[in-house]
Amino acid sequence: MTTIIIRTILNKRQMLSTTHSLTSALIVSRISSPIISFPLIIISHYLFDAIPHWDTGSGLTNGTKTKKRAFIDTLIDLTIAALAVFVLFQLGKDLSIKLWLGVLVGISPDLLDAPALFLDYRPFPINWLEKLHNRFHRGWRLPYGLIPQIIIITIVLLITFLA
């Protein structure tokens, strides 16, 4: 029982796409050059994954969540992420390809994990990227794992509306 609890708490998963998407959108909106902003977005992805957190895939590796449930939760998270980015950064403006590419770059490490997580498909370079990505992950169970993400999203909102 203790082993299951420890594995659940330390389960390595991605931070919510909503958090990564909003952070990516903020970076792109503040730094106009993709040559600078896109690498910063990738760096922020891995740095935020190093913060203990919960996400929609938590529980997959220890069997407390099914792939179907994780897939549905992930679709909900991606929908919330897209809506939040649209409302906060795109609404009332011309379509920004750079914004949406930045968001895609921001969630790309998680998207590249999808074949491994959902299909057990790990060819090169997906297996190498998954290992790299997993070195940064620090999972935390609900509700505690949402606290760091709420803080990050709050900071993004404050910077967006006050700066």
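Residues being in a helix (DSSP H, G or I) and out of contact with any Pro (no Cβ under 8 Å at 6 or more places or on another chain) are entirely absent from the range 57-66. Within the range 76-130, restricting attention to residues that are over 19 Å from LEU40 (Cα atoms) and hydroxyl-bearing (Ser, Thr, Tyr), the residue that is modelled with the highest pLDDT is THR79. Condition test on PHE118, is it hydrophobic (A, V, I, L, M, F, W, C) and touching a Phe, Trp or Tyr at 6+ places or on another chain (Cβ under 8 Å)? Against the criterion (hydrophobic (A, V, I, L, M, F, W, C) and touching a Phe, Trp or Tyr at 6+ places or on another chain (Cβ under 8 Å)), PHE118 qualifies.
Answer yes if at least one residue in the range 94-106 is basic (Lys, Arg) and more than 20 Å from SER24 (Cβ to Cβ), and no otherwise. The answer is no, given that none of the residues of the range 94-106 is basic (Lys, Arg) and more than 20 Å from SER24 (Cβ to Cβ).
If you filter the range 99-135 down to residues that are in contact with a helix residue (DSSP H, G or I) (Cβ under 6 Å, 6 or more places away or on another chain) and under 17 Å from LEU22 (Cα atoms), you find that the one that is surrounded by the most Cβ atoms within 10 Å (Cβ to Cβ) is GLY106. Residues of the range 109-130 that are of a type in the set (Asp, Glu) and without any contact (Cβ under 8 Å) to a residue 60 or more places away in the chain: ASP120, GLU130. Among the residues of the range 37-74, those that are closer than 20 Å to VAL105 by Cβ, at pLDDT below 95 and surrounded by fewer than 19 Cβ atoms within 10 Å (Cβ to Cβ) comprise TYR46, LEU47, ALA50, ILE51. Scanning the range 32-56 for residues that are in a loop (DSSP other than H, G, I, E, B) and under 11 Å from the mean Cα position of the chain (by Cα) yields TRP54, ASP55, THR56.
Residues in the range 48-81 that are without any contact (Cβ under 8 Å) to a residue 12 or more places away in the chain and of a type in the set (A, V, I, L, M, F, W, C): ILE72, LEU75.
Within the range 131-151, the residues that satisfy the criterion of being closer than 14 Å to HIS45 by Cβ and either without any contact (Cβ under 8 Å) to a residue 24 or more places away in the chain or in contact with a strand residue (DSSP E or B) (Cβ under 9 Å, 6 or more places away or on another chain) (or both) are LEU132, ARG135, HIS137, ARG138, GLN149.
The values are calculated or read from the model by the stated rules, or taken from the named source; none is laboratory data. Model, not experiment: these values are computed from the prediction. Please note: Cβ atoms are built from the backbone with ideal geometry, for glycine as well, and neighbour counts cover all protein chains shown.
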